[in-house]
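Derivation of every value follows stated rules applied to the coordinates shown; laboratory data play no part. From a predicted model like this one, the values you see are computed outputs, not experimental measurements. All Cβ positions, glycine included, derive from the backbone under ideal geometry; neighbour counts span all protein chains shown.
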Amino acid sequence: MEMDAEGYKNALSGLTDLPYISSEMLEEFHKAKGITDIKCHRCGNEGWFVYSSPEVGGNGIPAAKNESRVDVDLFTPVIMLSCSNCGTIWMMALAAVMQWLKTTRYAEMMKD
Ligand SMILES: [Zn+2]
């Protein structure tokens, strides 16, 4: 199926149903997963902006259907951070974070 403008819009609107992930949640996630080095790999800065809000919970990156077609009709929900110094983007699959959050005190917030 070709992706027209309407389909693109619909795909994006579905993303607004994703839950709000706070920076505190992300911090706990990183600790739980043993990620201790949160320095930007470009500039070494440790400050990050989180692109998530209660209104729009997540972002999505386009995913090609297969190797021969690059039509975009799938989106991989991601949590996006940007280095507060140099702007380098750091993305994580939202699914991985949500899966972990469901095992924590935030589980109630993760219900559909
Ligand atoms: Zn940086």
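Give me the extension gain from Ile35 to Gln99: residue separation times 0.36 nm, minus the current Cα-Cα distance, reported in nm with one decimal. Mind showing how you got there, number by number?
Details: separation 64, 0.36 × 64 = 23.04 nm, distance 1.66 nm.
Result for the pair: 21.4 nm of gain on full extension.
Provide the per-residue ³J(HN,Hα) series for the range 29-41, in order, calculated from phi with Karplus coefficients 6.51, -1.76, 1.60 and θ = phi - 60°, each as a whole number of Hz, with x at glycine and proline positions.
Coupling constants for the range 29-41: 4, 4, 4, 4, 8, x, 8, 9, 9, 9, 5, 4, 6 Hz.
Students often get this wrong: which residues of the range 78-109 have the backbone nitrogen under 17 Å from the point 7 angstrom along Cα-to-C-beta of Ser22?
98, 101-109
Scan around Thr76 for amide H atoms under 5 Å from its own, H built in the peptide plane at 1.01 Å from N, and keep only partners 5 or more places away or cross-chain.
The list, which skips near neighbours in sequence, is Ile61, Ala63.
Quick one: which residues, 5 or more positions from Trp48 or on another chain, have an amide H under 5 Å from its amide H? H modelled 1.01 Å from N in the peptide plane, none for Pro or chain starts.
Close amide H contacts, sequence-distant or interchain: Ser84.
Could you give me the ³J(HN,Hα) list for the range 85-93, computed from phi with Karplus coefficients 6.51, -1.76, 1.60 and θ = phi - 60°, whole Hz, x at Gly and Pro?
9, 10, x, 4, 8, 10, 10, 10, 5
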